[in-house]
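What follows is a single structure, written as structure tokens, with notes after it.
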Ligand code: SF4
Ligand code: SF4
């Protein structure tokens, strides 16, 4: 894999990716304009978001959702669309709506937060 410190001569011809199985190494979360905020207390663990997330960014341990991998989440908002559980007040946005709600990425200093605004990896 080409590293940020490599020169142009280190880039494979035509930009080909020569190493197999390397998707995890590319942190696509930096592209994100919107951040999904997950209210873990309101989550009913239905796993609908996990089924539909196109980036496998819903983090699961022992069959339960434990967060969102913001290193790879591109902020498409599909999880917020498909989440079936509604709340009177979301823990982070303080608004009525889904357990996952989208917020402007520019409101956050870090791109590495896993789920809510306060939790850091
Ligand atoms: S916004 Fe939701 S569905 Fe889209 S990539 Fe991020 S976690 Fe997955
Ligand atoms: S779709 Fe909503 S309620 Fe279901 S696991 Fe995901 S966040 Fe929780």
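The values are calculated or read from the model by the stated rules, or taken from the named source; none is laboratory data. Given the structure is predicted, the values throughout are model-derived calculations rather than measurements. Glycine also receives a Cβ, built like all others from the backbone with ideal geometry; neighbour counts cover every protein chain displayed.
Just checking, how many residues over region 69-95 are more than 11 Å from ligand 1 (Cβ to nearest atom), over 17 Å from residue 108 (Cα atoms) and surrounded by fewer than 19 Cβ atoms within 10 Å (Cβ to Cβ)? Number satisfying all stated conditions: 7. From the residues in region 38-68 that are surrounded by 13 or more Cβ atoms within 10 Å (Cβ to Cβ) and part of a helix (DSSP H, G or I), which one is farthest from ligand 2 (Cβ to nearest atom)? Within region 38-68, the match that is farthest from ligand 2 (Cβ to nearest atom) is 52. When 55, 69 are checked against the criterion of being at pLDDT below 95 and in contact with a strand residue (DSSP E or B) (Cβ under 6 Å, 6 or more places away or on another chain), a single residue qualifies: 69. The C-beta contact set for region 72-83 (first residue in contact (Cβ under 8 Å) with a residue 40 or more places away in the chain and under 11 Å from residue 34 (Cα atoms), second residue within 14 Å of ligand 2 (Cβ to nearest atom) and part of a loop (DSSP other than H, G, I, E, B), distance under 6 angstrom, 6+ apart or interchain) comprises 73/57. Taken together, the residues in region 23-37 that are closer than 20 Å to residue 103 by Cβ and without any contact (Cβ under 8 Å) to a residue 40 or more places away in the chain amount to 0.
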